[in-house]
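Q: Handing you a structure now.
Laboratory data are not the source of any read-out in this text; all were calculated from the coordinates shown. Everything numeric in this text was worked out from a predicted model, so none of it was measured. Counting neighbours? That spans all protein chains shown, and the Cβs are built from the backbone with ideal geometry, glycine included.
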Amino acid sequence: MTRIISILLIAGGALGLIYGGFTYTSDIHSAKLGPVVLQVHDRETVYVPIAVSAAALALGLFFFFGLRSK
């Protein structure tokens, strides 16, 4: 179980360092007027701090390689 968590931390930390965040789209309003459907989408961006990404990567590497002797 520790191996899986460490691999997820390594992957998440590396992706955070490479991309710096992620963007998602949420549907806030929609209206149907006969055959026409109107929708308003809101695009949100979440930035991941470099320190958090680096800490996740370091912690994942520590768990993966540090616990190898057990």
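Q: Here is a check on your reading of the model: is residue 61 assigned to a helix (DSSP H, G or I), over 17 Å from the mean Cα position of the chain (by Cα), without any contact (Cβ under 8 Å) to a residue 60 or more places away in the chain and surrounded by 14 or more Cβ atoms within 10 Å (Cβ to Cβ)? Walk me through it before giving the result.
A: On the way: assigned to a helix (DSSP H, G or I): yes; over 17 Å from the mean Cα position of the chain (by Cα): yes; without any contact (Cβ under 8 Å) to a residue 60 or more places away in the chain: yes; surrounded by 14 or more Cβ atoms within 10 Å (Cβ to Cβ): yes.
The answer is yes for residue 61.
Q: Please pick out the residue among 63, 22 that is in contact with a helix residue (DSSP H, G or I) (Cβ under 9 Å, 6 or more places away or on another chain) and over 24 Å from residue 2 (Cα atoms).
A: On the way: 63 fails: over 24 Å from residue 2 (Cα atoms).
Sole residue among the options that is in contact with a helix residue (DSSP H, G or I) (Cβ under 9 Å, 6 or more places away or on another chain) and over 24 Å from residue 2 (Cα atoms): 22.
Q: Okay, moving on. What's the total number of residues in segment 1-13 that are more than 10 Å from residue 60 (Cα to Cα) and either among the polar types (S, T, N, Q) or touching a Gly at 6+ places or on another chain (Cβ under 9 Å) (or both)? So that I can check it myself, show each step before the final result.
A: Applying the first criterion (more than 10 Å from residue 60 (Cα to Cα)) to segment 1-13 yields 1.
Filter again for either among the polar types (S, T, N, Q) or touching a Gly at 6+ places or on another chain (Cβ under 9 Å) (or both), leaving none.
Of the residues in segment 1-13, 0 are more than 10 Å from residue 60 (Cα to Cα) and either among the polar types (S, T, N, Q) or touching a Gly at 6+ places or on another chain (Cβ under 9 Å) (or both).
Q: Could you go through segment 21-35 and let me know if any residue there is β-branched (Val, Ile, Thr), in a strand (DSSP E or B), without any contact (Cβ under 8 Å) to a residue 60 or more places away in the chain and over 22 Å from residue 57 (Cα atoms).
A: The first filter runs over segment 21-35 and keeps only residues β-branched (Val, Ile, Thr), leaving 23, 25, 28.
With the extra rule that they be in a strand (DSSP E or B), the set shrinks to 23, 25, 28.
From what's left, without any contact (Cβ under 8 Å) to a residue 60 or more places away in the chain: 23, 25, 28.
Filter once more, keeping what is over 22 Å from residue 57 (Cα atoms): 25, 28.
Scanning segment 21-35 turns up at least one residue that is β-branched (Val, Ile, Thr), in a strand (DSSP E or B), without any contact (Cβ under 8 Å) to a residue 60 or more places away in the chain and over 22 Å from residue 57 (Cα atoms).
Q: Residue 53 versus (1) exposed (fewer than 10 other Cβ atoms within 10 Å of the Cβ); (2) assigned to a helix (DSSP H, G or I): which is the lone unmet condition?
A: With (1) exposed (fewer than 10 other Cβ atoms within 10 Å of the Cβ); (2) assigned to a helix (DSSP H, G or I) applied to residue 53, the lone miss is (1).
Q: Further question: If I go through segment 25-70 residue by residue, how many of them are of a type in the set (A, V, I, L, M, F, W, C) and on the phi > 0 side of the Ramachandran plot?
A: We begin by selecting, within segment 25-70, every residue of a type in the set (A, V, I, L, M, F, W, C); these are 28, 31, 33, 36-38, 40, 46, 48, 50-52, 54-59, 61-65, 67.
Of the ones still in play, those that are also on the phi > 0 side of the Ramachandran plot are none.
Counting residues in segment 25-70 that are of a type in the set (A, V, I, L, M, F, W, C) and on the phi > 0 side of the Ramachandran plot gives 0.
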